[in-house]
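> Shown below is the structure under consideration.
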């Protein structure tokens, strides 16, 4: 009789996951924006420095329909399958769950039998997503111990209703239904994460579809109508338990990164821009006397610029805001990486003390004004550090340059082209661009990266290190 064993890429603790073998390839979603005849693609990139095709796209899976706008995506299963209350311990990390943010279509991509050449196993059409979940514009994917969780930015049929979270079945990928039972005042949606051991889920806020699909709406931003609250939910009861408002000027509270160590109950949230002074900020959430609190721990100032060098959206401000659009936390909870998409910088902070981060490294590439090049780019670059992914051992960081099609065109009106680069890190702090790693996506704009066997923003661990 065959013995079932857990997937070898699942690890009980973050410390054990850090000893995993290095990734040899990664998957990158990319969109063919402005080319209505060309569908979006899922690319496989060679990440093995010993390979003759290092940093090159070695396979391209073209989707069957145009206009999906691939954005975020994730694995069907991860280390959360080892949690004591996981009903599916023998799942395998095999399928990529790839939503089209504009189309509300979801692709199930199978990475077996050949992980270099994945193929489409199933397509969940938007009509099914909306009918069964009540939501549209699927965004973030997290593999939970009981189901696949999907955040959605809009309600069904594009109405003005709230966004939220819905579930997919682990095995047949059927839409189970909406996750929330009682949402209270929560209306806007974006990212979400959890502290499984404490039965709490956190969710952040961006905007309604009408506020992002055709581009940033300046009037709404200046009126502080984008998201600025963090919600804390009772994970088991599926009820909103507490909401913290950072202040209306802190516009677009986006990416959430909880501590990986399951015994820790803190995490980091990124705010894109303050309408008071164009700064970006990082906040730490934490629990004190059974109540959640938040503290601003990093403020990143704008950079003065000549009006002639700025896109129309920013000319009157005569400055480049940092625009923190992604953050990522290493598995040892030591380093937080912060992408400043506007100024073209990736910051590395030592967050060993989560209330007093120390800037320990910085790389510059792209940027609205600088357009700083890479040694292998053959010229200046548009876009900047955007979606960030960290290897499990924390030694390598990969990032891409596209934010969202219409927003790309507002902040980089010369029509940015897609690229991906790699940073090598020092375990004691500090980092530098890998001069030999530059992936040119051409007119295809690349977004999120997922690494073979898992990465620093995929897994949840239930056992302490």
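> Could you tell me whether the range 216-225 includes any residue that is surrounded by 15 or more Cβ atoms within 10 Å (Cβ to Cβ), touching a residue at least 24 places away in the same chain (Cβ under 8 Å) and in a strand (DSSP E or B)?
Scanning the range 216-225 turns up no residue that is surrounded by 15 or more Cβ atoms within 10 Å (Cβ to Cβ), touching a residue at least 24 places away in the same chain (Cβ under 8 Å) and in a strand (DSSP E or B).
> Does residue 380 satisfy the condition of being closer than 22 Å to residue 332 by Cα, at pLDDT 95 or above and touching a strand residue (DSSP E or B) at 6+ places or on another chain (Cβ under 9 Å)?
No.
> Then there's this: Name the residues in the range 400-415 that are surrounded by fewer than 23 Cβ atoms within 10 Å (Cβ to Cβ) and farther than 21 Å from residue 27 by Cβ, would you?
Residues satisfying the conditions are 406, 407, 409, 410, 413, 414, 415.
> Let me ask you something else. Confirm whether residue 337 is over 30 Å from residue 234 (Cβ atoms), in a strand (DSSP E or B) and modelled with pLDDT of 95 or more.
It is true that residue 337 is over 30 Å from residue 234 (Cβ atoms), in a strand (DSSP E or B) and modelled with pLDDT of 95 or more.
> Tell me yes or no: at least one residue of the range 201-214 is surrounded by fewer than 21 Cβ atoms within 10 Å (Cβ to Cβ), in a strand (DSSP E or B), at pLDDT 95 or above and in contact with a strand residue (DSSP E or B) (Cβ under 6 Å, 6 or more places away or on another chain).
No.
> Here's something else I'd like to know. Return the residues of the range 294-318 that are surrounded by fewer than 18 Cβ atoms within 10 Å (Cβ to Cβ), over 23 Å from the mean Cα position of the chain (by Cα) and in a strand (DSSP E or B); say none if nothing qualifies.
Scanning the range 294-318 gives a single hit, 304.
> Strands (runs of 3 or more DSSP E) wholly in the range 130-193 with at least 1 residues that are at pLDDT 95 or above and surrounded by 23 or more Cβ atoms within 10 Å (Cβ to Cβ) - which ones?
Counting at least 1 such residues, we get 135-143, 148-155, 164-168.
> Could you tell me which numbered condition residue 79 fails, if it satisfies all but one of (1) crowded, with 23+ Cβ neighbours inside 10 Å; (2) more than 21 Å from residue 23 (Cα to Cα)?
(2)
The values are calculated or read from the model by the stated rules, or taken from the named source; none is laboratory data. Bear in mind the structure is a predicted one, so any value in this text is a computation, not a measurement. Here Cβ is always computed from backbone atoms with ideal geometry, including for glycine, and neighbour counts include all displayed protein chains.
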